[in-house]
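Notes for the one structure printed next.
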Amino acid sequence: MPRLISLFLGLLCALGLSAAHAATYQFTGPTYGAGITNYVAPCPGGSCADYTAGMRTTGWFTYLGSLAPNLVNHNLHADPNLLTYGLTDGLVSIESSHPATRLVRFQVSTDAGGNITSYWALVGQWADGLAGPHSVPDRMHRIEVFSGSASNNYHNWVCGTVAATIPAGVADGCTSFGDNSGRSDAEHSNVGASWSSGLPTLSISSISASEGNAGVTNFTFTVTLDAAPAAPASVSWSTITGTATGGVDYFGDSGALNWAAGDGSSRTLTVQVIGDTTAEADETFRVRLTNPVNVGINDPHGTGTILNDDAAPPAAVNSVPTLSEWAMLLMAGLMGLGAVVRNRRGPGRSGF
């Protein structure tokens, strides 16, 4: 009986830990205004793009539990309770779940109520979108929010040194930069920037289904909120190639989902999978949620698994002689051998 009680209490603890609440914190910065220096055409390489005065930096992170009160320059980048994060500068969205993202630093301070009072977040993402490894002169995008002074976002900057980021220590980062050609820069003040918390969070489902032999099959993903938003909310979504290839196995797509204040109902989005009759392994693609407004993202990715429903061609079967056929072959061989021996003995000779 004591052992049963112990197991029961352990189960309760496990359930309590798994049900721990994840708090979402969302950042909204002011518009960039005049602090923009865009690249000079022609584009020398990478993914050149222009910032505009009406763009701004926004971001979010989810944290297991809630931030403690009276933190001073707390290193979120070293805190295992930091679950997900993302910053968007109007041109790109840099998120923790992306394989090309490199966290440089993320520090916060809080007041007695656990509200964020100062912060410094700096993240980078390799412009090729790949996990790496990378080398000079690969290009990187960087987004920064800093409460102490103006911040700088850089788009398509040539990396000068590839090394682990400082102080976060993430491998395959960029610690210095080189040639400015093709780079756009948005310097922005954080006066008027704000952090909000207690937001509802989004999750997206995954789906597995057969592709069909022709036409398209709709893969429908469901996006759910854990609570109704207090203000109008939205999130963007886009498909990401996995082992399945966009345009070949499915039609790549993107869009946005919207909620009115007080509306906590789920939303759906559909990706069309292309049917064929080719036998192949099961393949996957993902749908990524980005750019949340007045909501957080608990789980940013849903996976679509395309199940093969085509039979593989039958394997070639080599004909195996039957017993009688083997006997005929053996007899023919013996007769041929006898003829050879007789010929070697010459005329007039008989027998073996």
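The values are calculated or read from the model by the stated rules, or taken from the named source; none is laboratory data. Everything numeric here is computed off the predicted structure, so don't read it as measured data. Glycine gets a Cβ as well: all are built from the backbone with ideal geometry, and neighbour counts include every protein chain shown. Accessible surface is based on the protein model in full, side chains and every heavy atom, while ligands, DNA and RNA are left aside. Shrake-Rupley method; radii C 1.70, N 1.55, O 1.52, S 1.80 Å.
Ranking of Arg267, Arg286 by solvent-accessible surface, largest first: Arg286, Arg267 (1.4 Å probe, protein heavy atoms only, all chains present).
Between Asn308 and Ser181, what length in nm is gained on full extension when 0.36 nm per residue of separation is reduced by their alpha carbon distance? Don't skip to the end; give the middle numbers.
On the way: separation 127, 0.36 × 127 = 45.72 nm, distance 4.66 nm.
Stretched out fully, the Asn308 to Ser181 stretch lengthens by 41.1 nm.
In segment 21-129, inverting the average of 1/r over every pair of distinct C-alpha atoms gives 15.5 Å as the Kirkwood radius. Just how far, in whole angstrom, is segment 225-272 from segment 17-64 if you go by their alpha carbon centroids? If you average the Cα positions of each part, the centres end up 19 Å apart.
Grab the Cα-Cα distance for Asp226 and Thr117, subtract it from 0.36 nm times how many residues apart they are, and report the gain in nm with one decimal. Numbers along the way, then the final one.
Values: separation 109, 0.36 × 109 = 39.24 nm, distance 2.66 nm.
Taking Asp226 through Thr117 to full extension adds about 36.6 nm, to one decimal.
The simple Förster model, with R0 at 56 Å and r as the Cβ-Cβ distance, assigns Thr245 and Ser197 a FRET efficiency of 0.90. Looking at segment 82-139, the accessible area is 36 square angstrom per residue; that uses a 1.4 Å probe and ignores ligands, DNA and RNA.
Distances between placed amide hydrogens fall under 5 Å for Gly252 paired with Gly247, all partners being 5 or more residues away or on another chain.
Say R0 is 35 Å: what FRET efficiency, to the nearest 0.05, do Thr28 and Val136 get from their beta-carbon distance?
Calculated value: 0.50.
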